[in-house]
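Accompanying notes for the structure given below.
The values are calculated or read from the model by the stated rules, or taken from the named source; none is laboratory data. Predicted model, so just to flag it, every value in this text is computed and none were measured. Note: ideal-geometry Cβ built from the backbone for every residue, glycine included; neighbour counts use all protein chains shown.
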Amino acid sequence: MKIWWIIIFGILWALIFTSFSCGNVLAAKKDQIPENSYVKNAGDGWRCVWGYIKRRNHCEAIRLPANSFLDSDGFEWQCERGFLRDKEDCIEIVVPKNAYLIEEEYGRGWACERGFLVYKTASSMYECIKIAVPENAVLISSAMGDYWQCHSGYVEGDNGCEEEDVPLSGAASRNKFDDNLYCAWGFMDSGSDCVAIDLPSNAYMDKDGRRWRCSRGYRKLDRQCVEVTVPENAYLKDSGDDWRCLRGYRRDHDSCLLIQIPENAHLNTAGTRWLCDKPYVSSGKTCDLIDKGTK
């Protein structure tokens, strides 16, 4: 029985000694690390706190230009919506008439409305000019840009779209090999003939002329295009059929609510929620510090 007490006493002494030693090591490490840093989880070295970057043997605050924010990791910055990065600054995007902002970090930062084309002026400025669609033609939208195309029964000529001979009153034709019915652009197969596709208000035909799409600022609901209601502190997405809250706000049904950021926290890169600054950790609605030798 006596030997068991000796073993237990030895184990307890070892634990106390280890705890005391670790505390001294952590304290020693804490004294050795630079300002605005903390000891790594494994205890081997140090890391700069959020918003600082390691420069040799010290932590240097990251310089944020006007109209920018730090990303989730806290080591790099990005420009706010409506601004583009130009070396070490964020410059405001000048959106010309008949154009809208898009979510791109590089390039022009805007796109022309449907039916308009990017044009470079003599002064090297960019603007959106209206595409002139001739008579008997239709505007086509594609990933490569907008252009016009002649209606079925018409071909492109010197004077725009010129009429040509088309069987079945210009709506359909039959393949001479399989006798299948092929509908013209803007028509659909009803089984025995081709009927015109019913185009709702605020819609346009797609490139193939088989389906319709809602114009920007409208969304498809059943067989109609309904207007997208953009709430306060939100903007229309690039797709044009939905909206997104501004950075620092979160979507709540049909509105955008301000995100309440606790102390020692920051917005994530997308700006849709908050994250704790390292080395703080989330604890419900607050960010608490677990002693890692922060200095």
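Of everything in segment 108-161 that's more than 30 Å from residue 183 (Cα to Cα), charged (D, E, K, R) and surrounded by 15 or more Cβ atoms within 10 Å (Cβ to Cβ), which residue is modelled with the highest pLDDT?
Step by step, filter segment 108-161, then rank; the result is 127.
Do the conditions hold for residue 271, that is, is it of a type in the set (Gly, Ala, Ser), farther than 19 Å from residue 101 by Cα and assigned to a loop (DSSP other than H, G, I, E, B)?
Judged against the criteria, residue 271 is not a match.
Among the residues of segment 252-274, how many are out of contact with any Gly (no Cβ under 9 Å at 6 or more places or on another chain) and within 21 Å of residue 36 (Cβ to Cβ)?
Selection size over segment 252-274: 5.
Could you list all residues from segment 64-79 that are surrounded by fewer than 15 Cβ atoms within 10 Å (Cβ to Cβ) and either closer than 15 Å to residue 110 by Cβ or free of Cβ contacts under 8 Å to residues at least 24 places away in the same chain (or both)?
64, 73, 75, 76
Hey, among the residues in segment 121-153 that are assigned to a loop (DSSP other than H, G, I, E, B) and either acidic (Asp, Glu) or at positive phi (or both), which one's nearest to the chain's Cα centre (by Cα)?
Among residues in segment 121-153 that are assigned to a loop (DSSP other than H, G, I, E, B) and either acidic (Asp, Glu) or at positive phi (or both), the one nearest to the chain's Cα centre (by Cα) is 124.
Out of 244, 223, 210, report the one residue that is over 30 Å from residue 182 (Cα atoms) and among the basic types (Lys, Arg).
So the residue among 244, 223, 210 that is over 30 Å from residue 182 (Cα atoms) and among the basic types (Lys, Arg) is 244.
Report yes if residue 227 is in contact (Cβ under 8 Å) with a residue 12 or more places away in the chain, more than 20 Å from the chain's Cα centre (by Cα) and under 30 Å from residue 203 (Cα atoms), otherwise no.
yes
Select from segment 47-63 the residues that are touching a residue at least 24 places away in the same chain (Cβ under 8 Å) and assigned to a strand (DSSP E or B) and write down the one among them that is surrounded by the fewest Cβ atoms within 10 Å (Cβ to Cβ).
61
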